[in-house]
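Worksheet for the structure shown next.
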């Protein structure tokens, strides 16, 4: 029986090429994901708008025009959305369960 050693970089490339069938532009949050600046801005401003400090990042979609961020609020993780811009500002903060009510 022969054993072959595959360099780590080659093995990683093989695994990635086997998994990659297209590109994904949506980031779904996990417990190991640290929010980027846009996500942090929306978490901050959704917290302020809802007056509820219990917020979690649900996911985000990057765009050069602005990053759409989904935030879960409260113990029910009610979904909210926010658009974050590269200058740190945000807009379009709205509930996704109550037709955009604040």
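Before moving on, here are some points about what is shown:
- Ratio Rg/Rh [Cα only; Rh per Kirkwood] for segment 23-95: 0.94
- Remark: spin-label model distance residue 37-residue 61 equals 2.3 nm, labels positioned 7 Å along the Cα→Cβ axis.
Read the figures in this text as sums done on the coordinates, not as results from a lab. Bear in mind the structure is a predicted one, so any value in this text is a computation, not a measurement. Reconstructed Cβ throughout: ideal geometry from the backbone, glycine too, with neighbour counts over all protein chains shown.
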